[in-house]
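Heads up: the structure comes next, in structure tokens.
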Amino acid sequence: AIQRTFSIIKPDATKRNLTGAINAKIEAAGLRIIAQKRIHMTPAQAGHFYAVHKERPFYGELCEFMASEPVVVQVLEGENAIAKYREVMGATDPAEAAAGTIRKDFAVSKGENSVHGSDAPETAAEEIAYFFAGLELVG
Ligand code: CMP
């Protein structure tokens, strides 16, 4: 079925001017970018977004990192978009990511891993609603 997923191009990637290169991989995979904007999150906003990871040892570092530079938030649409984007991203740890994936080609480390993608339909809907108004999604 046609799905929507939420994506973030993270600070390590925007800083290195990789937004276009990452979007090229997204589009080459058949996903459509139906909403996109560049924002600079506060640590509190990043903390809210990553609340599910609150108890993890890297939570503080993760929130600081996500607020360190601008990010590009996106909504991607396509057949099986959630799983497809996770394939295009590659494993969380770039050392374990498959050839040709975004993280294999661009990520710096497990933390500075260039992109985020939703892991399930429920989280995709929540994440999209946190960053975008309905009128901003143009499919
Ligand atoms: P993301 O898919 O955005 O969701 C949670 C994030 O936590 C993950 O990508 C990584 O960027 C980050 N993360 C996971 N493991 C670690 C780690 N060991 N150290 C720092 N950050 C991590």
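Things worth noting here:
- Sole exception among (1) part of a loop (DSSP other than H, G, I, E, B); (2) touching a residue at least 12 places away in the same chain (Cβ under 8 Å) for P57, by number: (2)
- A count restricted to the stretch 99-119 and to residues that are among the aromatic types (F, W, Y) and within 9 Å of the ligand (Cβ to nearest atom) stands at 0.
- Among (1) surrounded by 15 or more Cβ atoms within 10 Å (Cβ to Cβ); (2) in a loop (DSSP other than H, G, I, E, B); (3) in contact (Cβ under 8 Å) with a residue 40 or more places away in the chain, the one test that G30 misses: (1)
Here's the yes/no breakdown for (1) of a type in the set (A, V, I, L, M, F, W, C); (2) within 16 Å of the ligand (Cβ to nearest atom); (3) closer than 20 Å to I2 by Cβ:
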{"site": "I33", "(1), (2), (3)": "yes, no, yes"}
{"site": "R38", "(1), (2), (3)": "no, no, no"}
{"site": "M41", "(1), (2), (3)": "yes, yes, no"}
{"site": "F132", "(1), (2), (3)": "yes, no, yes"}
{"site": "L137", "(1), (2), (3)": "yes, no, yes"}
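- Test result for I82, away from the ligand (no atom under 15 Å from the Cβ) and in a helix (DSSP H, G or I): no
- Any hit, the stretch 6-15, residues being exposed (fewer than 13 other Cβ atoms within 10 Å of the Cβ), touching a residue at least 40 places away in the same chain (Cβ under 8 Å) and outside any helix (DSSP H, G or I): no
- Residue match in the stretch 74-85 (condition: aliphatic (A, V, I, L, M), under 19 Å from E126 (Cβ atoms), at pLDDT 95 or above and surrounded by fewer than 15 Cβ atoms within 10 Å (Cβ to Cβ)): yes
- Options A51, A46, A1; residue that is open to solvent by 60 Å² or more (accessible area, probe 1.4 Å) and within 29 Å of G139 (Cβ to Cβ): A1
The values are calculated or read from the model by the stated rules, or taken from the named source; none is laboratory data. The structure presented is a predicted model; accordingly, all values stated were derived computationally and were not measured. Because the Cβ atoms are built from the backbone with ideal geometry, glycine has one as well, and the counts that use them run over all protein chains shown. Each accessible area value is taken on the protein alone, full model and side chains, heavy atoms only, with ligands, DNA and RNA left out. Shrake-Rupley method; radii C 1.70, N 1.55, O 1.52, S 1.80 Å.
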